[in-house]
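Participant: I have a structure I would like to understand better, so I am pasting it below and will then ask my questions one at a time.
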Amino acid sequence: MHPMLNVAVKAARAAGKIINRAELDLDQIKVGVKGPNDFVTETDQAAEAAVIDALKQAFPDHAILAEESGASGTSDYEWIIDPIDGTANFIHGYPHYAIAIALRVQGVVQQAVVYNPATNDLFTASKGEGAFLNNRRIRVSKRSKPNEFLVGFAFPSGVSEGSQDVKKKMLALTESTAGIRKSGSAVLDLAYVACGRLDGYLCFGLKPWDLATGVLLVSEAGGLITDPQGNGDYMDSGNAVAGNPKALQYLLSFK
């Protein structure tokens, strides 16, 4: 394992211990609201602090971009952190959430960790070295027929679930594929594309910390990720399409 990835894994596991302890007594967790269906808890903040502390100890000169505390430092090396992606799931005791840590070097994601402390699933990737789930190499699915595709779908806070465009896409995909899933965790959805649990993924209005790990996991697992126009602007727009090559081609046909 790459030394920088190893540090990120240790940071994710340290945050996972904080989250697992909090999960034992969810009624005691203080929950704040950042926007419509956008929650933050003291556990998010504590987990993020643990990740930043571990990274700063190892790499004091690296920059940080974190969901809760924002950006700090200036460097060619930038760590992108989401302490709990799927906070709404977490506060309901629904075990589908994850810590996401990515390292971007001169604008290119080089290392990625996605860790679900509820299931102990650990997804990792290093650029050019492949993607892994619990130390076993993973690949995107080989399904090629639309009626076999299981597709993840996300439209987080700030994107209207009631928009006609979103409703049209959801209905069309529901009727033409094996089904759609809105899990509440973008980073896990993209990790699931990487390991073949999902064949494709459509998302709108995401942030860099939602996408950075998935960009590397999917590509290192043999998948593709673009914006809805088939271009590479997804990190800036927050709108992305991912999947195995056949699923991506099919999803891009929905305008």
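Participant: Name the single residue that is nearest to the chain's Cα centre (by Cα) among those in the stretch 209-227 being open to solvent by less than 30 Å² (accessible area, probe 1.4 Å) and of a type in the set (A, V, I, L, M).
Facilitator: Of everything passing the filter in the stretch 209-227, 211 is nearest to the chain's Cα centre (by Cα).
Participant: Could you say whether any residue in the stretch 152-161 is in contact (Cβ under 8 Å) with a residue 12 or more places away in the chain and more than 23 Å from residue 66 (Cα to Cα)?
Facilitator: Yes: the stretch 152-161 contains one or more residues that are in contact (Cβ under 8 Å) with a residue 12 or more places away in the chain and more than 23 Å from residue 66 (Cα to Cα).
Participant: Could I ask something else about it? Quick check on the stretch 46-62. Is at least one of its residues touching a Gly at 6+ places or on another chain (Cβ under 7 Å) and buried (at least 21 other Cβ atoms within 10 Å of the Cβ)?
Facilitator: No.
Participant: Please verify whether residue 198 is assigned to a loop (DSSP other than H, G, I, E, B), crowded, with 20+ Cβ neighbours inside 10 Å and in contact with a strand residue (DSSP E or B) (Cβ under 7 Å, 6 or more places away or on another chain), treating the condition exactly as stated.
Facilitator: yes
Participant: Also, quick follow-up: From the set of residues in the stretch 142-152 that are part of a loop (DSSP other than H, G, I, E, B) and of a type in the set (D, E, K, R), which is most open to solvent (accessible area, probe 1.4 Å)?
Facilitator: Ranking the candidates gives 142 first.
Participant: Hey, another quick one. Acidic (Asp, Glu), out of contact with any His (no Cβ under 7 Å at 6 or more places or on another chain) and at pLDDT below 95, is that true of residue 53?
Facilitator: In short, no.
Participant: Can you confirm whether residue 180 is modelled with pLDDT under 95 and either open to solvent by less than 60 Å² (accessible area, probe 1.4 Å) or small (Gly, Ala, Ser) (or both)?
Facilitator: In short, yes.
Participant: Which ranges mark the strands (runs of 3 or more DSSP E) fully within the stretch 67-141 that have 2 or more residues being open to solvent by 60 Å² or more (accessible area, probe 1.4 Å) and of a type outside the set (A, V, I, L, M, F, W, C)?
Facilitator: The strands (runs of 3 or more DSSP E) meeting that bar number zero.
Participant: Moving to a separate point now. Are there any pairs with C-beta distances below 6 angstrom linking a residue in the stretch 61-90 that is within 20 Å of residue 185 (Cα to Cα) to a residue that is assigned to a loop (DSSP other than H, G, I, E, B) and open to solvent by less than 10 Å² (accessible area, probe 1.4 Å), with the two at least 6 apart or on different chains, and if so which?
Facilitator: 84/97; 85/185; 86/97; 86/185; 89/97; 90/97
Participant: Take residue 149 and tell me if it is within 27 Å of residue 17 (Cα to Cα) and aromatic (Phe, Trp, Tyr).
Facilitator: Here the answer is no, as residue 149 does not meet what is asked.
Participant: Now a separate question. Check the stretch 178-193 and report whether any residue there is under 21 Å from residue 86 (Cα atoms), part of a helix (DSSP H, G or I) and of a type in the set (Val, Ile, Thr).
Facilitator: Yes, the stretch 178-193 contains a residue that is under 21 Å from residue 86 (Cα atoms), part of a helix (DSSP H, G or I) and of a type in the set (Val, Ile, Thr).
Participant: Sticking with this structure for a sec: What tally of residues in the stretch 11-31 results from selecting those that are surrounded by 12 or more Cβ atoms within 10 Å (Cβ to Cβ) and modelled with pLDDT under 90?
Facilitator: 3
Participant: Go through 70, 16 for me and flag whichever is closer than 24 Å to residue 183 by Cα and among the small types (Gly, Ala, Ser).
Facilitator: 16
Participant: Does the stretch 228-243 contain at least one residue that is open to solvent by less than 40 Å² (accessible area, probe 1.4 Å), of a type in the set (Ser, Thr, Tyr) and either touching a residue at least 24 places away in the same chain (Cβ under 8 Å) or not in a helix (DSSP H, G or I) (or both)?
Facilitator: no
Participant: Something else about it: Could you please let me know if residue 189 is open to solvent by less than 30 Å² (accessible area, probe 1.4 Å), charged (D, E, K, R), out of contact with any Gly (no Cβ under 6 Å at 6 or more places or on another chain) and closer than 20 Å to residue 95 by Cα?
Facilitator: no
The values are calculated or read from the model by the stated rules, or taken from the named source; none is laboratory data. Predicted model only: the values in this text are computed from it and were never measured. Backbone-built Cβ (ideal geometry, glycine too); neighbour counts: all protein chains shown. Note: areas computed on protein heavy atoms with side chains; ligands, DNA, RNA excluded. Shrake-Rupley method; radii C 1.70, N 1.55, O 1.52, S 1.80 Å.
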